[in-house]
Structures are given as C-alpha cells and as structure tokens.
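Visitor: One structure, pasted below without further comment.
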Amino acid sequence: MGSRIRTALSRAKYAAVGAAVGAAVGGLWSRNAASTGGALGGLAGATLAELKSGAGGLFADDGDDGGDADDLGDGAEVDAAA
C-alpha cells in the first residue's frame, strides 16, 4: 500500500514539474499560451512518469529477453573474417 502511494506521488511530482515548466515557457508569449503550455507540460510529465515507473517502461531493466548467450558471439568469428 505504501509503495502505491509513493508511486502516485512520484507521478504527480513529474506532472506538476512538467506543468510548471510548460506554463513558464508558454507565459513568455501570452496568457493563453501559458495555459496551453501548462496542460501540455503536465501531460508530458505524467507520460514520462508512467514510462519511468511502469513495468515495461522506457527505463525498465530488460532482464532475460529469451535470447541465447551464443547470439553475442565471442569475437572469434569477427577476427577470422578480417
């Protein structure tokens, strides 16, 4: 239960920072751009948080992908071909 709360707070932090940055950048142009930038920044932050914390996310450890160790080769084939 505690880890779910920490995960939710982490995602909320990413979304809040994204919204703040987006609003600040958009605010350089106009009030409407600040609103749009905040919304898009929040969406981008939430998406990044989901990718980072998800099991199959962008930064997840690949682990065993089912490939054989022989697929990597030991370099002898490369030396023989050269």
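Visitor: What is the distance, in nm, between label points placed 7 Å from the Cα along the Cα-to-Cβ direction at ASN32 and at ALA12?
Guide: That separation, rounded to one decimal, is 3.3 nm.
Visitor: Which FRET efficiency, nearest 0.05, do MET1 and LEU43 yield, Cβ-Cβ r, R0 30 Å?
Guide: Plugging the Cβ-Cβ distance into 1/(1 + (r/R0)^6) gives 0.65.
Visitor: Under the 0.36 nm per residue contour assumption, what length would be gained going from the current alpha-carbon distance of ALA20 and LEU51 to full extension?
Guide: Taking ALA20 through LEU51 to full extension adds about 9.2 nm, to one decimal.
Visitor: Related question: Under 1.5 on a/c is rounded, so check that first for the range 1-52, then, if it is not, pick prolate when a/b is larger than b/c and oblate when it is not; a ≥ b ≥ c are the square roots of the alpha carbon gyration tensor eigenvalues.
Guide: Cα axes put the range 1-52 in the prolate bin.
Any read-out appearing in this document is the output of simple, stated calculations on the displayed coordinates, not a laboratory observation. These numbers come from a predicted model, not from an experiment. We place every Cβ from the backbone using ideal geometry, glycine too, and count neighbours over all the protein chains shown.
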